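Q: Take this structure first; my questions come after.
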């Protein structure tokens, strides 16, 4: 996936898009069925720091800038 098989920007772009679709399908196929709830990830060290100092953290950090 690191080397492009084709010459030309248009053909390379098509290959990259198709590779991305294939990777996403592979990721989706490894997900558990929708009835099961995946286990939550462990908090990071930064999240532990915020919790210890009682600093509220938003659900999504992406919402901070807007």
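Q: Roughly how many nanometres apart are two label points built 7 Å out from the Cα toward the Cβ at residue 47 and residue 16?
A: Result: 3.2 nm between the two label points.
Q: Sort 57, 5 by Cβ crowding within 10 Å, fewest neighbours at the top.
A: Ascending Cβ contact count within 10 Å gives the list 5, 57.
Q: Kindly state, to the nearest 0.05, the FRET efficiency for residue 31 paired with residue 7, given R0 = 25 Å and r defined as their beta-carbon distance.
A: 0.10
Where a number appears in this text, it was derived from the coordinates with a stated rule and is not lab data. The structure presented is a predicted model; accordingly, all values stated were derived computationally and were not measured. All Cβ positions, even for glycine, are placed from backbone atoms using ideal geometry, and neighbour counts span all protein chains on display.
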